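Here the structure comes first, spelled out in structure tokens, and everything after it is commentary.
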Amino acid sequence: MADAEIGVIGGSGFYSFLDDVTEITVDTPYGRPSDSLFLGEIAGRQVAFLPRHGRGHHLPPHRINYRANLWALRSLGVRQVLGPCAVGGLRPEYGPGTLLVPDQLVDRTKARAQTYFDGEPLPDGSVPNVVHLTFADPYCPTGRQAALSAARGRDWEPVDGGTLVVIEGPRFSTRAESRWHAAQGWSVVGMTGHPEAVLARELGLCYTSLTLVTDLDAGAETGEGVSHDEVFRVFAENVGRLREVLFDAIAGLPDNAARDCLCTGAHVGWDLGIELP
Ligand SMILES: [Zn+2]
């Protein structure tokens with residue numbers, strides 16, 4: 001029996017109040033994940049929580065070991081992942097408190113390991129095959145619908161779809177960068193949405209992004225620009241209802257064995273050189 005079926009990569013606000021939480025440490029061929037994993041039960045589902053930035057928020061976005069995080073979840077039995085994150089709004093109508101469930105992704109990161117198939121020779125001297133993932137639709141359609149339904153059920157009308165652009169950080173965008181992002185028609189900007197989604201797909205995991213707007217990005221507002229304190233304040237104000245939405249979304253996800261989405265088969269037949277956990 002698996003330890004968990006559903007994974008949540010987010011802040012400690014999502015699990016710290018659960019009664020029965022089991023903390024476990026997991027090691028992976030790609031190193032250690034951001035922190036321990038915390039196992040708990042929600043709506044009869046076994047859930048593994050992973051603090052993306054580590055407890056105390058000590059890992060900046062570009063230092064997170066995304067490969068270890070996704071691998072660790074899979075090794076526990078997780079096949080569906082929810083990834084809440086804080087973002088900046090790129091349109092005036094996407095102000096603080098907006099919940100947007102993106103359906104597209106733009107990668108503007110620069111220096112992150114973003115594939116398990118990176119051409120490193122294996123211990124036996126062989127070289128893993130080169131693969132090119134189909135990634136036209138980066139998010140799980142089933143998970144997206146579960147997230148949208150959960151938000152509506154809590155009277156928090158979500159934005160259904162949009163493009164998340166992920167920047168390297170840890171700095172926020174300049175006004176010119178932000179205006180350029182907005183001019184492309186992109187919706188929100190964050191620092192952690194990539195490469196979580198693509199690594200999940202490489203491992204055959206469903207991945208759903210839930211973005212909470214904490215500020216208007218520099219090009220969409222007229223003040224001083226984004227500040228760290230503002231982001232944390234708005235996130236703290238919304239963490240309670242975001243947690244409710246996440247828990248309802250968890251309840252609405254299908255059994256792992258019943259998944260019939262595109263996420264399940266992208267990696268089938270690929271030789272990673274290491275057996276998938
Ligand atoms: Zn899926």
- If you go through the stretch 159-181 one residue at a time, do you hit one that is of a type in the set (Gly, Ala, Ser) and part of a strand (DSSP E or B)? no
- Message: If I filter the stretch 238-277 down to residues being exposed (fewer than 14 other Cβ atoms within 10 Å of the Cβ) and of a type outside the set (A, V, I, L, M, F, W, C), which single residue comes out as nearest to the ligand (Cβ to nearest atom)?
- Response: Asp260
- Looking only at the stretch 189-209, and only at residues there that are of a type in the set (D, E, K, R) and within 13 Å of Phe117 (Cα to Cα), the one that is farthest from the ligand (Cβ to nearest atom): Glu202
- Task: Could you grab me the full set of residues in the stretch 39-97 that are within 16 Å of the ligand (Cβ to nearest atom) and in a strand (DSSP E or B)?
- Result: Arg45, Gln80, Val81, Leu82, Gly83
- Would a scan of the stretch 136-146 turn up a residue that is more than 16 Å from the ligand (Cβ to nearest atom) and either assigned to a loop (DSSP other than H, G, I, E, B) or loosely packed, with under 14 Cβ neighbours inside 10 Å (or both)? no
- Message: I need a count of the residues in the stretch 1-54 that are among the small types (Gly, Ala, Ser) and in contact with a Gly (Cβ under 6 Å, 6 or more places away or on another chain).
- Response: 4
- Item | Filter result for Arg259 (within 17 Å of Arg201 (Cβ to Cβ) and charged (D, E, K, R)) | yes
- Message: Restricting to the stretch 105-135, and then to whatever is closer than 20 Å to Ser187 by Cα and of a type outside the set (S, T, N, Q), can you tell me which residue is surrounded by the most Cβ atoms within 10 Å (Cβ to Cβ)?
- Response: Leu105
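Any read-out appearing in this document is the output of simple, stated calculations on the displayed coordinates, not a laboratory observation. Because the structure is a prediction, the values reported are computed rather than measured. Virtual Cβ from ideal backbone geometry, glycine too; neighbours counted across all protein chains shown.
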